[in-house]
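Read the structure below first, then the notes.
Values in this text are rule-based calculations from the coordinates and carry no lab data. The shown structure was predicted, so the numbers you read here are calculated from the model rather than taken from an experiment. As a convention, Cβ positions derive from the backbone with ideal geometry for all residues, glycine included, and neighbour counts pool all protein chains shown.
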Amino acid sequence: MQPLLTTDRLAFYAFTPADLPVLSALHSDPEVMRYLSPCGQPWPAEVLKTKLDRFVAEHAELGHSKWKVYRKDDGALIGRAGFSVFAPTGELELGFVLKREWWGHGYATESARALIDWLFIERPRIKRVIAFAQVQNLASKRVLEKIGMISTGTRLMEGIDYDFYLLLRRGWSRYRG
């Protein structure tokens, strides 16, 4: 199967209905989940199945969603990254999750930058992308800022404070490369 997107080090593939074990492995580490769920614990199987079904359906309908991310050199799964529709506003939301052993290698920034470039090149009608990270998640906020996203303030979701970010197409080209 051909990847949907590649970088120097990474390859991105759409999730399939058979990928529940892949998603479960990624989301089973409480340290990885610390900033992803309100309770900071791994999601139960039914939540993972719902998310997987959404990723598969979004990709089929829109041509993008959250995708599996693998290292090109050895085929190791490092995480997931991509875009989902943020239900409260209908905007595209950039998100990324990496397995703990791949933190600190620049993969989140590489993924986020490649995805933004892909989106703005392949989807010319898209004018803006949002992202958010828990206020305490300094590493994710740093990634968003490195790719040119601007903080738009803090919002409460599910009882937790999140910093929201925005990137407009017209500001994107300054941060490429």
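Values as computed for the structure displayed
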quantity: Computed FRET value (nearest 0.05) for residue 73 with residue 152, which takes r as the C-beta separation and R₀ as 45 Å; calculated: 0.75
quantity: Pairwise label distance in nanometres, residue 45 with residue 85, each label 7 Å out on the Cα-Cβ vector; calculated: 2.9 nm
quantity: Region 123-177 - charge dipole about Cα centre, Lys and Arg +1 at Cβ, Asp and Glu -1, debye rounded to 20; calculated: 580 debye
quantity: Dipole moment magnitude, nearest 20 debye, region 5-127 about Cα centre, only Lys, Arg, Asp, Glu C-beta charged; calculated: 100 debye
quantity: For the chain, built as a Gaussian network whose Cα springs stay under 10 Å, the top-fluctuating residue of 144, 20, 62; calculated: 62
quantity: Among 89, 50, 109, residue whose mean-square fluctuation peaks in a GNM of the chain (springs only between Cα atoms under 10 Å); calculated: 89
quantity: Reach of residue 99 by Cα under 14 Å, taken over aspartates and glutamates that are not fewer than 8 positions away in the same chain; calculated: 29, 31
quantity: Spatially proximal aspartates and glutamates relative to residue 66 (Cα-Cα < 13 Å; intrachain offsets below 8 disregarded); calculated: 19, 53, 58, 93
quantity: Only Lys, Arg (+1) and Asp, Glu (-1) charged, at Cβ; region 69-110 dipole about Cα centre in debye; calculated: 140 debye
quantity: Mean Cα-pair separation over length for region 5-127, i.e. relative contact order, pairs under 8 Å, 6 or more apart, %; calculated: 23 percent
quantity: For volume of the Cα convex hull per residue in Å³, calculated from these coordinates, the label among (1) 130; (2) 141; (3) 118; calculated: (3)
quantity: Extension reserve of the residue 25-residue 102 stretch, reckoned as 0.36 nm per residue once the Cα distance is removed; calculated: 26.3 nm
